[in-house]
Amino acid sequence: MAICSEEVTRVAIAVIENQAGEVLLSQRPVGKFLAGYWEFPGGKCEPRETPEEALSRELLEELGIEAIAVQPLIEIPWTYPEMSVRLSVFLVSQWRGQVAAREGQVLRWQSRASLDIAQMPPANRGIIHALQLPPWLLVTPDVADDDKVSQRRWLAALDQSVRALAKQQVPLVQLRLRPGRPQLLLREAIKRVRSAGGKVLLNGSLEQAQALGTDGIHLNRARLAEWDAASRPTLPPSFLVSTVVHNADELAAAERIQADMVLISPVKPTASHPDAAVLGWSGFAALAARATMPAYALGGMSLADLHAARRHGGQGIAAISAFWQSDELDQARD
């Protein structure tokens, strides 16, 4: 269990969610650092106090409640000009007592979807994405061929996969097809994901993603380097940027372009890259601990790996075979 350090200001944060799916925010008072911003309840750890202990103390002091159901959400390291902080963020879904502003602070309940980073401290950006992103990210395989039969089969498998994910949470799909695939196929795929309430990230160029009207873009290693060299383009706040990282240097580049999520790879051996050096869960955890955004484990993932990814500081897992529903893939697994 981590102990709060004096070198970095450790802060315990509570995302308190009610039965309506709203989260509690409080406004920082005049005269304090980042005054006027809205934030999640919590506060600094005292010397030799664990984040869990600090969370319990802060909730009682600030709101007069005792947390009952608590689970880790994300850890975020952040450096302001005035100080360096590490946020230990917990999701609180059940508590004992009535929420009250015991320190005279202004409180409000707000839906996850309407959280706006412009009204919150910059370090909260990763928290917002952790709340809005699901634990599963489907990466699509390519279509077997450009013939109509292959396309119909691929779209049918996409439908099955997205519907299965939608039973749990909002589907998040990285559309990864070979360049040159028909635009009509891409548009139909996006339409089907959205009909299930999902979001689509295009593994391709920004120009193509914008032309197709996707919800975001996924950058491979080469595109990450290009964006890092030229700086991130100006994009709408709702447009998601995902990228893959294999080491600390690439993670630093993802930080510089303000990626909204990272896929840390490869955690395990994969059939497509059998000779690639794997990170293992310890390597994944080391990179996830340095990330200011949600991190997905990629490479050899199965559904059983979700708990391991969460235990090691991840948002969840990204995979093809773990989520793709098709007869061909089922036969390959056998």
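The values are calculated or read from the model by the stated rules, or taken from the named source; none is laboratory data. Since the structure is predicted, the reported quantities are computational estimates derived from the model, not experimental observations. Cβ placement follows ideal geometry from the backbone for every residue including glycine, while neighbour counts extend to all protein chains displayed. All accessible areas refer to the heavy atoms of the entire protein, side chains included, with ligands and DNA or RNA removed. Shrake-Rupley method; radii C 1.70, N 1.55, O 1.52, S 1.80 Å.
Counting Cα-Cα pairs of region 143-256 in 10 Å increments starting at 0 gives whole-percent bin shares of 13, 41, 32, 14, 0. Ranked from largest to smallest solvent-accessible area, with a 1.4 Å probe on the protein heavy atoms, 231, 302 come out as 231, 302.
Of 178, 57, 311, the residue with the greatest mean-square motion in the GNM of the chain, using alpha carbon springs below 10 Å, is 178. Shape of region 204-334 from its Cα gyration tensor (a ≥ b ≥ c, root eigenvalues): rounded if a/c is under 1.5, otherwise prolate when a/b > b/c, or oblate? It comes out oblate by the Cα gyration axes.
Note on region 1-154: percent of Cα-Cα distances in each 5 Å bin, starting at 0 and stopping at the bin with the largest distance, equals 2, 8, 16, 20, 19, 12, 5, 3, 3, 4, 3, 3, 1, 0.
Modelled this way, with points 7 Å down the Cα-to-C-beta line, the labels at residue 222 and residue 110 are 4.1 nm from one another. Model label sites at residue 238 and residue 178, defined 7 Å from Cα along the beta-carbon direction, differ in position by 3.5 nm. Once both labels are positioned 7 Å from their Cα atoms along Cα-to-Cβ, the gap between residue 252 and residue 8 label points is 1.6 nm.
Structure remark: mean-square fluctuation, Gaussian network model of the chain, C-alpha springs under 10 Å; the largest value among 145, 260, 228 belongs to 145. Mean sequence separation of contacting Cα pairs (under 8 Å, at least six apart), scaled by the length of region 181-242, corresponds to a relative contact order of 29 percent. A Förster radius of 45 Å combined with the Cβ-Cβ distance from residue 48 to residue 145 puts the calculated FRET efficiency at roughly 0.10.
In terms of overall dimensions, the C-alpha atoms belonging to the chain reach 66, 41, 39 Å along their principal axes, ordered largest to smallest. On the basis of the beta-carbon distance and an R0 of 41 Å, residue 152 and residue 303 show a calculated FRET efficiency of 0.95. Calculated FRET efficiency, residue 101 to residue 273, Cβ-Cβ distance, R0 = 56 Å: about 0.55 to the nearest 0.05. Each of 282, 59, 219 was placed along the dipole of the chain (beta-carbon charges, centred on the mean Cα), and the one lying farthest toward the positive end is 219.
Average accessible surface for the chain: 49 Å² per residue, computed with a 1.4 Å probe over protein heavy atoms with every protein chain in place. Taking region 291-319 and a reference point 7 angstrom along Cα→Cβ of residue 282, no backbone N atom is nearer than 14 Å.
The share of accessible area on region 60-140 that comes from carbon and sulfur is 52 percent, using a 1.4 angstrom probe. Where both bridge residues fall in region 1-122, DSSP classifies roughly 75% of the beta bridges as antiparallel. Helices in the chain, meaning DSSP H runs of at least 4 residues, each add -39500 (n - 2.57). Divided by all residues, the mean residue ellipticity at 222 nm is -9000 deg cm²/dmol. Across the chain, Cα pairs under 8 Å and at least six residues apart give a relative contact order of 14 percent.
By DSSP, the beta bridges lying fully in the chain are antiparallel in about 40 percent of cases. Comparing 247, 203, 124 in a Gaussian network model of the chain where C-alpha atoms under 10 Å apart are linked, the largest mean-square fluctuation is found at 247. Which pairs, out of 191/268; 148/191; 148/199, put more than 21 Å between their alpha-carbon atoms? Check vs 21 Å cut-off fails for 191/268; 148/199.
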